[in-house]
Amino acid sequence: MQDVIQLLPEHVANQIAAGEVVQRPCSVIKELMENSVDAEATSITLIVKDAGKQLIQVVDNGKGMNEVDARMALERHATSKIKKTEDLFDIQTKGFRGEALASIAAVAHLELKTKTCDEELGTAIVNAGNEVKSQDPVNCNPGTSILVKNLFYNVPARRNFLKSNSVEQKHNIDEFQRIALAHPQIEFKMIHNQGELFHLPAGKLRQRIVGIMGRKIDKHLVPIEENTDILSINGYITKPEFAKKKRGDQYFFVNHRFIKSPYLHHAIQKGYEGLLREKTIPAYFLNLKMEAKSIDINIHPTKTEIQFENEHAIYSIINSAVKHSLGQYQIKPVLDFEKKSEFEMPYQAYQKNVKPPQVEVDRNFNPFQQQTESVDQRSPFQSSQNHALTGTSFDLNDDQFIQQEAEEKLFQSKQDLDLSQVYQFAQQFLILPLVDQILIIDQHRAHYRVLYEEILKNITIETASSQQMLFPLYLDFSEREMQLINEHKNILVSIGFQFEMLGNQLKINGIPSEFQHDQIDEFFEQIIADLDQDLPESSFEKNDYVARSLAKPMAVKNKFSLKQEEIHQLINDLFECKESTRTPGGRKIMLSQTAEDFKNKLL
Ligand code: ADP
Ligand code: MG
């Protein structure tokens, strides 16, 4: 038999190796920015076009490379960072494998310009098709600029595997933020399609966190510091009330390297025990410093897990440091979890029974009749016409008319419904006896379905009613959050939000009529967390997804007592739905029991 084993040609071997290092645009960003950090740059600029699919460029003012090194840098296993085996156990730099630039060059076009500070001229290298096309002396500033174009031009399968621009860009921003947070003493800029997304001046960690997360986080930051023999901790955790339902603002850096560690995350979460609202996760930014020898970072180049020698000890040190910090800054448990955060909101006026200016004369006004309606008791089912806090006054008769119309419809279509018998049980179920069966309806799921259909209709035909705010509400967001809001602006408008985007602030002038004012904060928190996921690509699926994530937080909660009119309205609305028996997620909304069922149960 003939010999069949051959050595792979170098360019094929490189392409295969590249698959390990370069998976998507953000992998290139990570490698290039880390090289700039290793080169001791004090200013690093990232330029991205088309979410990195078209172009990624990183420009630094670091130590640069001479002509020979510039050429060498693109070779596989060429590195200036380790020289002997022992160095492997004491890695102080981000890179050490010497394969990043070679891998990138194997799957993209790459242009390198670099100059050391003691040279007159720098070196420019153009690399395409995995070979050097040109190498010339060039006049440039000290430092290095690496430009990567047409990523995966020669690996169509990889290129097709890339997600939409907004998904890829989210990964890019995540990567940029991780590196920027790990190195507050370095100035960073990020530019996307000509626009400046971030400009983070060199400074302290606190400034860096605020630069990335937005101003609103500042007052929630709690410093943490602990020095022991095996590690030192410094950084910030956040007050419990700032904890979010969404993940993503949890940062561990070990020797300035971003890592993920569910185990250490648990140590922090435990430190907050009893202080957090249900299912919320605190944000934190922790720098752990330990001897490079005591950790094994020889992991897969794109992964972020590392192994510690003293895992258990590290767990307990972190855990007690968190408790200590929270205690020291006298952070007390949030006792009333149901009360939401209305006391901190800047629009407290709303909670104080403020009356809107009445333009029209109220002919029914009776000075001796007690005004009892308070804002807090407004029902989540009220239609837009009867929100006491809308800027315009409303006409009671109109409202009655609408109510009546809805009921008429119901009785035409569902002859056998008798709503006079309905009642709420256990603040969660609506019990509705019919002629031959009893319906047991889950109130939260029913309302979720009703709102979902309403929102879906509004998104597609854009007819949402909006209630004007008497005073605009200002909410602060991070760059990333504003970007998400901007991307989904049309949908938010179509369901009834009216707002202006002022830098990192949202000025909200109008909200959907189904909405309570004290829900807005929580609503945005939830919707941003949802939109931050990889959204489906097709427009129906996207609308469906968005409608679900909008409807869910708006739906009335269980353990919430409903008035008789509210129960009626909900049941009416539910039976008007295209699908009344299942939630958008497919869960049962109601249970029906016939006399026969009861008989069988009583056997
Ligand atoms: P590694 O970072 O693992 O050494 P890379 O392929 O990322 O491997 O880089 C190869 C070498 O090129 C580095 O060791 C470094 O000497 C040089 N290099 C890469 N980027 C820069 C930069 N921005 N400034 C100076 N030198 C650089
Ligand atoms: Mg590197």
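The values are calculated or read from the model by the stated rules, or taken from the named source; none is laboratory data. Here the structure is a predicted model, which is why all the values come from computation and not from measurement. Reconstructed Cβ throughout: ideal geometry from the backbone, glycine too, with neighbour counts over all protein chains shown.
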Of the candidates Ile237, Ile186, Ile212, Ile217, the one satisfying the condition of being aliphatic (A, V, I, L, M), more than 22 Å from Gln54 (Cα to Cα) and over 22 Å from the mean Cα position of the chain (by Cα) is Ile186
Answer yes if at least one residue in segment 492-503 is free of Cβ contacts under 8 Å to residues at least 40 places away in the same chain, among the polar types (S, T, N, Q), buried (at least 17 other Cβ atoms within 10 Å of the Cβ) and closer than 29 Å to Ile173 by Cβ, and no otherwise. yes
The strands (runs of 3 or more DSSP E) lying entirely within segment 153-264 that contain at least 2 residues which are surrounded by 18 or more Cβ atoms within 10 Å (Cβ to Cβ) and aliphatic (A, V, I, L, M) are 195-200, 221-227, 232-238
- prompt: Quick one: would you say Lys279 is assigned to a loop (DSSP other than H, G, I, E, B) and buried (at least 16 other Cβ atoms within 10 Å of the Cβ)?
  reply: no
Subset of segment 565-596, residues over 18 Å from Arg449 (Cα atoms) and without any contact (Cβ under 8 Å) to a residue 24 or more places away in the chain, comes to Glu596
Within segment 220-234, restricting to residues that are free of Cβ contacts under 8 Å to residues at least 60 places away in the same chain and more than 25 Å from Asp476 (Cβ to Cβ), the one that is nearest to the chain's Cα centre (by Cα) is Asn234
Next on the checklist: Could you go through segment 537-551 and let me know if any residue there is among the charged types (D, E, K, R), part of a loop (DSSP other than H, G, I, E, B) and under 22 Å from the mean Cα position of the chain (by Cα).
Outcome noted: yes
Of all helices (runs of 4 or more DSSP H) fully inside segment 3-110, the set with 1 or more residues that are within 28 Å of the chain's Cα centre (by Cα) and either in contact (Cβ under 8 Å) with a residue 12 or more places away in the chain or more than 8 Å from ligand 1 (Cβ to nearest atom) (or both) is 10-21, 25-38
How many residues of segment 78-125 are in contact with a helix residue (DSSP H, G or I) (Cβ under 8 Å, 6 or more places away or on another chain), within 16 Å of ligand 2 (Cβ to nearest atom) and farther than 19 Å from His11 by Cβ? The answer is 10
The condition of being among the basic types (Lys, Arg), in contact (Cβ under 8 Å) with a residue 24 or more places away in the chain and farther than 25 Å from Met482 by Cα holds, among Lys246, Lys270, only for Lys270
Within segment 264-282, the residues that are at pLDDT 90 or above and out of contact with any Lys or Arg (no Cβ under 7 Å at 6 or more places or on another chain) are Leu264, His265, His266, Ala267, Ile268, Gln269, Lys270, Tyr272, Pro282
(1) at negative phi; (2) of a type in the set (S, T, N, Q); (3) more than 12 Å from ligand 1 (Cβ to nearest atom) all hold for Asn130 apart from (1)
Expected single match for over 18 Å from Ser27 (Cβ atoms), crowded, with 16+ Cβ neighbours inside 10 Å and modelled with pLDDT of 95 or more among Gly52, Gly143 is Gly143
